[in-house]
1. Return the only residue of 164, 137 being assigned by TED's automatic domain parsing to the domain that holds residue 216 and more than 16 Å from residue 221 (Cα to Cα).
2. Among the residues of segment 149-173, how many are in a helix (DSSP H, G or I), in contact (Cβ under 8 Å) with a residue 12 or more places away in the chain and over 29 Å from the mean Cα position of the chain (by Cα)?
3. What number of residues within segment 176-194 are buried (at least 16 other Cβ atoms within 10 Å of the Cβ) and either touching a strand residue (DSSP E or B) at 6+ places or on another chain (Cβ under 7 Å) or among the aliphatic types (A, V, I, L, M) (or both)?
4. Are there any pairs with C-beta distances below 6 angstrom linking a residue in segment 204-231 that is assigned to a loop (DSSP other than H, G, I, E, B) to a residue that is basic (Lys, Arg) and modelled with pLDDT of 90 or more, with the two at least 6 apart or on different chains, and if so which?
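The values are calculated or read from the model by the stated rules, or taken from the named source; none is laboratory data. Everything numeric in this text was worked out from a predicted model, so none of it was measured. Heads up, the Cβs are rebuilt from the backbone with ideal geometry, glycines too, and the neighbour counts pull from every protein chain shown.
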Amino acid sequence: MNRFTLIAALVVGSLPFTVGCATKNYVRNEVTPTVNKVNELDDLTAKNTHDIRDTDARAQQGVQQAKSQADAADQKALAAGQAADQANQNASQASHRVTSLAGTVENLDNYKPVNDTTVLFGFNKAELTRKDKQALDEFAEQFGSQRHYIVQVEGYTDSTGPADYNYQLSQRRADAVIQYMAQKHNVPAHKIFLIGLGKDNPVATNASAGGRAKNRRVDITLMTNNATESATSAQLQ
């Protein structure tokens with residue numbers, strides 16, 4: 001039985017017996033408004049159901065987005081924490097190096113030269129040759145017998161070219177010596193004092209090719225702290 005027939009039956013049943021012979025048109029006219037109202041209610045119910053589902057879908061999407069954002073925030077917070085820990089470690093290591101360097105500089109007046117050597121470079125060159133490395137190896141052999149020492153490294157150039165470029169070139173030459181000493185002979189960085197002096201302090205005239213060749217150099221000086229050595233010896237006696 002469809003909805004229209006059911007409603008028609010209910011209406012007909014409610015009429016007095018005296019109108020039992022009412023025409024179909026009369027019944028239809030009486031039932032139609034009720035059927036229309038029922039249909040409107042069905043449409044409204046369907047619309048509400050659709051709206052509820054749509055709202056629930058948007059809510060679920062919002063929850064998922066919020067969860068994703070929270071997870072991303074947690075990952076960023078974790079990364080930031082790790083970066084902070086690394087920064088603290090780096091700061092601690094830097095502080096230790098600065099403290100060691102400060103202690104060395106404080107007693108710098110007590111350091112006296114023990115031995116020295118010189119490495120020569122070609123024109124506009126800052127690379128060590130095999131002969132240069134051999135000279136540095138021989139020079140480094142004496143480090144093992146020293147307890148309190150520093151290595152002074154001074155880079156130089158001849159007078160050819162601009163002053164600013166020569167200072168940079170002298171720095172590169174000194175850096176080449178330091179890197180080799182650190183890598184090959186494990187000389188700690190805080191034991192090395194480096195300076196690039198460019199064309200300053202020439203050991204020969206720059207007016208000749210031979211003199212300029214002598215000025216393209218790095219001077220390496222081994223210095224020991226005699227006061228510290230004496231104090232240590234006194235404590236051991």
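1. 164
2. 6
3. Counting residues in segment 176-194 that are buried (at least 16 other Cβ atoms within 10 Å of the Cβ) and either touching a strand residue (DSSP E or B) at 6+ places or on another chain (Cβ under 7 Å) or among the aliphatic types (A, V, I, L, M) (or both) gives 9.
4. Going by the 6 Å Cβ cut-off, the qualifying pairs are 204/214; 206/212.
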